[in-house]
Amino acid sequence: MMKTRHFTRTLIASGLLAFGLAAHAAADLPGKGVKVQPLQSAIAEETFQTLLVSRGLEKLGFDVQPIKEIEAATGHVAISNGDATFLADHWDPLHADFYKNGGGEAKLFRKGVYSDNAAQGYLIDKKTAEKYNITHIDQLKDPKLAKLFDATGDGKADLTGCNPGWGCELVIEHQLTAFGLRDNVSHAQGSYSALIANTITRFNAGEPVLYYTWTPYWVSGVLRPGQEVVWLEVPYSSLPGEQAKLDTQLPNGKNYGFTLNTQRIVANKTFTDQNPAAAKLFEVMQLPVGDINAQNQRMKNGENSQQQIEGHTDAWIKGHQTTFDGWIAQALAATAP
């Protein structure tokens with residue numbers, strides 16, 4: 001009986017010690033008492049990437065608030081002004097003007113590569129491309145070819161385009177003028193998810209389709225480049241604003257009108273200066289494009305509630321625990337004296 005009581009007391013003592021150490025460790029976490037406000041655009045498929053960053057910050061003790069939706073242009077300014085903390089889906093160089101308008105490196109932190117090799121551009125269905133030998137978007141200066149993609153009856157090609165505020169719409173608008181397409185191509189804007197759903201419906205009905213999209217995103221898993229659809233090239237590189245001098249020709253010699261983009265985490269510089277653990281986390285986190293595509297596809301297949309996306313995020317962490325723990329260890333080391 002005495003041995004049993006002694007064993008019980010030992011267990012309780014050990015438990016209290018472990019609890020005390022855990023409480024002490026929690027108290028010493030670098031983010032303790034610091035609120036963080038994440039931002040993302042209205043693109044629901046950005047939630048996974050944003051939540052993953054939030055999970056890392058929570059592990060460091062930061063008080064991470066629910067994500068707020070805001071378009072990228074406004075979001076960069078909000079972060080610059082200190083009204084929010086970070087945006088996990090800054091596209092470099094697509095968002096170059098947003099970055100500049102937000103104060104650039106003087107007010108914004110932008111280090112590391114969260115995800116790279118993000119492609120974007122214009123595509124049409126392969127059947128129409130092969131039948132009419134369409135390989136370049138400026139061929140739509142020919143009214144007869146443009147009319148093939150007329151979904152509204154106005155005689156113009158209907159291009160499923162990019163939402164105002166995303167940044168890609170500025171490139172499309174610039175290129176419609178630069179490539180002489182204004183008279184023959186209409187840039188359909190609004191809710192991209194609704195527009196692309198209609199585009200896919202028309203494709204499934206055997207109709208020609210013309211649309212803009214980007215990767216990583218689920219659309220290219222449904223309308224697969226090289227199989228159901230093909231990329232259209234542009235006649236030459238032409239971009240607006242801060243991107244004007246960039247060459248959009250890809251390493252394979254193709255030119256789809258957009259540079260390969262790198263997705264980065266952008267944060268308020270005052271916050272990162274004061275919180276080196278968070279700065280290091282933002283710098284070292286890396287997420288493969290394939291993993292983003294896979295999660296986006298699950299959303300497309302119906303797993304798109306907030307609870308389900310949080311489940312995807314937690315499952316990714318569990319499946320990549322060593323990688324995740326490595327990020328946290330590097331972040332914690334950044335606070336060492």
State the number of residues belonging to region 306-322 that are among the polar types (S, T, N, Q) and touching a helix residue (DSSP H, G or I) at 6+ places or on another chain (Cβ under 9 Å). 3
Looking only at region 104-145, count every residue that is hydroxyl-bearing (S, T, Y), more than 21 Å from Q263 (Cβ to Cβ) and crowded, with 17+ Cβ neighbours inside 10 Å and tell me the total. 1
Mind listing whichever residues of region 32-86 are among the polar types (S, T, N, Q), over 14 Å from the mean Cα position of the chain (by Cα) and assigned to a loop (DSSP other than H, G, I, E, B)? Q37, Q65, N81, T85
Among the residues of region 183-190, is any modelled with pLDDT of 95 or more, aliphatic (A, V, I, L, M) and farther than 30 Å from G103 by Cβ? yes
Counting only residues that are surrounded by fewer than 17 Cβ atoms within 10 Å (Cβ to Cβ) and either in contact with a strand residue (DSSP E or B) (Cβ under 7 Å, 6 or more places away or on another chain) or not in a loop (DSSP other than H, G, I, E, B) (or both), region 170-186 contains a total of 1
Confirm whether F324 is in contact (Cβ under 8 Å) with a residue 12 or more places away in the chain, over 30 Å from E207 (Cα atoms), assigned to a helix (DSSP H, G or I) and more than 20 Å from the chain's Cα centre (by Cα). no
I'd like to know if region 157-171 contains one or more residues that are touching a Pro at 6+ places or on another chain (Cβ under 7 Å) and under 20 Å from L260 (Cβ atoms). yes
Subset of region 194-219, residues touching a residue at least 60 places away in the same chain (Cβ under 8 Å) and part of a helix (DSSP H, G or I), comes to F203
Restricting region 227-249 to residues that are assigned to a loop (DSSP other than H, G, I, E, B) and in contact (Cβ under 8 Å) with a residue 24 or more places away in the chain, the residue that is farthest from V289 (Cα to Cα): P235
Could you grab me the full set of residues in region 264-311 that are in a helix (DSSP H, G or I) and of a type in the set (S, T, Y)? T270, T272
Please indicate, with yes or no, whether at least one residue in region 44-60 is in contact with a Gly (Cβ under 7 Å, 6 or more places away or on another chain), buried (at least 19 other Cβ atoms within 10 Å of the Cβ) and within 25 Å of F324 (Cβ to Cβ). yes
So if I check each of A334, A279, A244, which one is surrounded by fewer than 14 Cβ atoms within 10 Å (Cβ to Cβ), of a type in the set (A, V, I, L, M, F, W, C) and at pLDDT 95 or above? A244
Answer with yes or no whether I70 is modelled with pLDDT of 95 or more, surrounded by 17 or more Cβ atoms within 10 Å (Cβ to Cβ), closer than 26 Å to P216 by Cα and not basic (K, R). yes
Do the conditions hold for F258, that is, is it assigned to a loop (DSSP other than H, G, I, E, B) and among the aromatic types (F, W, Y)? yes
Looking for whichever is outside the structural domain of E169 (by TED's automatic domain parsing) and either assigned to a loop (DSSP other than H, G, I, E, B) or out of contact with any strand residue (DSSP E or B) (no Cβ under 8 Å at 6 or more places or on another chain) (or both) here; the options are K111, K131, K144, K127. Which one fits? K111
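The values are calculated or read from the model by the stated rules, or taken from the named source; none is laboratory data. From a predicted model like this one, the values you see are computed outputs, not experimental measurements. Glycine gets a Cβ as well: all are built from the backbone with ideal geometry, and neighbour counts include every protein chain shown.
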